[in-house]
Amino acid sequence: MPTLSIGQFDLVYNSFSLVIAVMGAAFLFFLLSRSTVAPAYQRVLLVSALVVGIAGYHYLRIFNSWSAGFVLIDGQYVASGVPFNEAYRYVDWLLTVPLLLVELIAVLSLGAQRRQSLTLRLVIASALMIALGYPGELTLAVGPRLFWGTLSTIPFLYILYVLWRELGDMLKSEPVRVRVLVRNLRLLLLASWGVYPIAYLLPLLNIDPALSLVGRQVGYSLADVIAKPVYGLLIYGIARLKTEMDLAQQLREAPVAVAAD
Ligand SMILES: *C/C=C(C)/C=C/C=C(C)/C=C/C1=C(C)CCCC1(C)C
């Protein structure tokens with residue numbers, strides 16, 4: 001672990017603290033908002049709550065691990081000898097990344113068979129992506145980091161392919177307003193998920209190790225806020241819109257049914 005200035009240590013410390021607050025607030029919001037969407041979409045909000053709940057818990061552990069990892073000596077934060085535990089983050093991702101994809105699939109109107117096939121493939125690919133990245137995260141050596149990073153990028157690209165190619169075709173059966181929201185959601189996913197491999201590559205760029213460590217931790221934290229609570233909010237927006245459209249549909253059909261009687 002490199003030696004950090006007070007400012008560098010605090011930046012990471014405060015980022016982790018902020019993420020805990022955001023995840024906690026989002027957890028409550030998703031749980032309490034369940035009654036504002038049709039029963040068909042309530043499960044989606046439960047998954048969103050689960051994702052930010054799991055992330056909030058892991059950020060508590062990450063925060064404590066960060067605090068224990070350094071001691072303040074003569075105005076500088078020096079490694080305490082207790083290693084900063086990067087595993088919390090990867091265990092978190094292993095659980096939350098598949099759930100984020102389940103969230104997306106659950107809010108779309110797909111047939112059971114398509115849903116099952118999509119879920120299975122995306123869950124496996126996302127778990128592989130995280131598991132293959134982990135050995136590389138544990139080392140700062142260029143060779144292994146690149147090797148595992150490249151392997152992890154293969155399922156990453158597969159996920160993007162499925163979301164753009166296959167999901168793009170399925171979206172044609174969704175109403176235009178829903179389609180626009182799902183397209184925006186997909187862009188938000190790409191923009192936030194794209195930060196992780198960039199942050200992962202920082203140690204290879206020959207920059208100051210302290211800067212690289214701080215940049216990676218702050219980068220992962222910001223990306224987690226966009227990829228989990230903000231993403232969950234957009235999904236909530238889709239669930240709300242679909243709830244309204246379903247209601248409007250029922251109202252349109254109701255008088256006809258009465259007249260037919
Ligand atoms: C909430 C957490 C999320 C959405 C985490 C996403 C993580 C990734 C998209 C990570 C991708 C990686 C690569 C594509 C290559 C290098 C190793 C990883 C694991 C950082």
Where the accessible area of the range 183-261 is counted over protein heavy atoms with a 1.4 Å probe, how much of it, in %, is carbon and sulfur? 69 percent
Ignoring ligands and nucleic acids, what accessible area does TRP148 show with a 1.4 Å probe (Å², nearest 10)? 80 Å²
Helix axis angle, 112-137 relative to the chain longest principal axis, alpha carbon, degrees: 10 degrees
Over its Cα atoms, what ratio of radius of gyration to 2.2 N^0.38 Å does the chain give? 1.16
Can you put ASP208, ASP224, ASP74, ASP10 in order of accessible area, largest first, using a 1.4 Å probe? ASP74, ASP208, ASP10, ASP224
So with the 1.4 Å probe, I'd like the accessible area per residue for the chain, rounded to whole Å². 49 Å²
For the range 65-82, in residue order, the Karplus 3J(HN,Hα) values (coefficients 6.51, -1.76, 1.60; θ = phi - 60°; whole Hz; Gly and Pro = x) are 5, 4, 4, 6, x, 9, 10, 7, 10, 6, x, 9, 8, 10, 3, 7, x, 7
Checked the range 196-253 against the a/c 1.5 cut and the a/b vs b/c comparison, axes a ≥ b ≥ c from its Cα gyration tensor; verdict prolate
With θ set to phi - 60°, apply the Karplus curve 6.51 cos²θ - 1.76 cosθ + 1.60 along the range 174-184 and write out the HN-Hα couplings as whole Hz, x wherever there is a Gly or Pro. 8, x, 4, 5, 5, 4, 4, 5, 5, 5, 4
Roughly speaking, to the nearest percent, how much of the range 11-110's 1.4 Å accessible area is carbon and sulfur? 68 percent
Given a 1.4 angstrom probe, I'd like the percentage of the accessible area of the range 117-157 that is carbon and sulfur, rounded to a whole number. 86 percent
In square angstrom, rounded to the nearest 10, how much accessible surface does ARG121 have for a 1.4 Å probe? 70 Å²
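The values are calculated or read from the model by the stated rules, or taken from the named source; none is laboratory data. As the structure is a computational prediction, the values presented were derived from the model and not from experiment. Side chains are part of the model used for accessible areas, which takes the heavy atoms of the whole protein and leaves out ligands, DNA and RNA. Shrake-Rupley method; radii C 1.70, N 1.55, O 1.52, S 1.80 Å.
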